[in-house]
Each structure stands twice: as structure tokens, then as C-alpha cells.
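Data block below; observations after.
The values are calculated or read from the model by the stated rules, or taken from the named source; none is laboratory data. None of these values were measured; they are calculated from a predicted model. Here Cβ is always computed from backbone atoms with ideal geometry, including for glycine, and neighbour counts include all displayed protein chains.
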Amino acid sequence: MTKPSKQTAIAAAIALGLGLFGSAVALAEGNYESSIKVGNADHESSEAAYLSSLAKIDTARATAAALGRVSGSVLKVSLDNENGNLVYSVEIKTASNDIRDVKVDAGTGIVLYEDSAGSEQENGGDGDSEDNNQ
């Protein structure tokens, strides 16, 4: 058995670093992919049952994974189709009263993404604007 050359070891380290860097950039931008791809359900009422039938982990495992990433109190857990990816969305209130939204892969239990919850509402996504509050 021959020992790998120093150049081979350096090349492998660089490739690994670039792979990890690419993953970190994708997570930072919210561009993630889950292990389970989801099509569209025919009716919204049947979507919950459809998504539940595809999930390989339960809410307890998703919650534990999210709390492993962000300490705090769980406010809400939901199984969602996020751009064709089956994920658990876990909202956690931190000790500093920030609300964090943690996306957990519904197939593997791996945390895929984390950001501030309510960023859509901050951008007017809730339909509540100053014009409506007269």
C-alpha cells in the first residue's frame, strides 16, 4: 500500500473545503434541498395527509434537531412543502425574545436552514399595512 502524496492530500483538502464552503453559502442564502422532494397535492385539505405520508421522521425528532441548533422555547412545528422540499418548520423563541425559524429535513432530521421568523411579515407579507389600520 502506497502513501498518498502530499499534493494529493492538499488537493483533497481543498476539494473538501470548497464543498463545505458551497454548502455554507447555500444555507446562508436559504437555498437548500431536502432528501424528500414533494409534488403538489390536488387539494389543500389533503396536503397535510399527503406530506405526513412522505415524512420519515416525526415532529419530536424534528423539534430535537431544531433545539440542537437554537436554544429556546418551541412556539410552533409544521410539516411544509417549501419550494418542493419536505421540511419541518420549527419556530423557536430564544432567551433574547428573537423568533427563529429552523428548517429540518423531514427525511433525515438534519437542520437545513435557520433564519429570523416573520421576515415575510416584515416585508408586508401579512397584508397588514398602515393604510389598513385607519
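Quick notes on this one:
- Residue check, Gly68 modelled with pLDDT of 95 or more and within 27 Å of Ala95 (Cα to Cα): yes
- In the range 95-109, the residues that are over 17 Å from Asn31 (Cα atoms) reach residues that are aromatic (Phe, Trp, Tyr) with C-beta atoms within less than 9 angstrom, at least six apart or across chains, in these pairs: Gly109/Tyr88.
- Scope the range 83-94; condition in a strand (DSSP E or B) and either touching a helix residue (DSSP H, G or I) at 6+ places or on another chain (Cβ under 8 Å) or without any contact (Cβ under 8 Å) to a residue 40 or more places away in the chain (or both); matching residues: Leu86, Tyr88, Ser89, Val90, Glu91, Ile92, Lys93
- When Ser73 is tested against (1) polar (S, T, N, Q); (2) modelled with pLDDT of 80 or more; (3) under 20 Å from Thr108 (Cα atoms), only condition (3) is not met.
- Residue check, Ser52 surrounded by fewer than 14 Cβ atoms within 10 Å (Cβ to Cβ), more than 14 Å from the chain's Cα centre (by Cα) and assigned to a helix (DSSP H, G or I): yes
- Residue that is farthest from Glu33 (Cα to Cα), among those in the range 110-122 that are out of contact with any Ser or Thr (no Cβ under 7 Å at 6 or more places or on another chain) and touching a residue at least 24 places away in the same chain (Cβ under 8 Å): Ala117
- Candidates Asn40, Asn83: the one that is on the phi > 0 side of the Ramachandran plot and at pLDDT below 95 is Asn83.
- Qualifying residue in the range 93-116 (condition: modelled with pLDDT under 95, loosely packed, with under 13 Cβ neighbours inside 10 Å and either under 17 Å from the mean Cα position of the chain (by Cα) or acidic (Asp, Glu) (or both)): yes
- In the range 75-92, the residues that are crowded, with 17+ Cβ neighbours inside 10 Å and of a type outside the set (Asp, Glu): Val77, Leu79, Asn81, Asn85, Leu86, Val87, Tyr88, Ser89, Val90, Ile92
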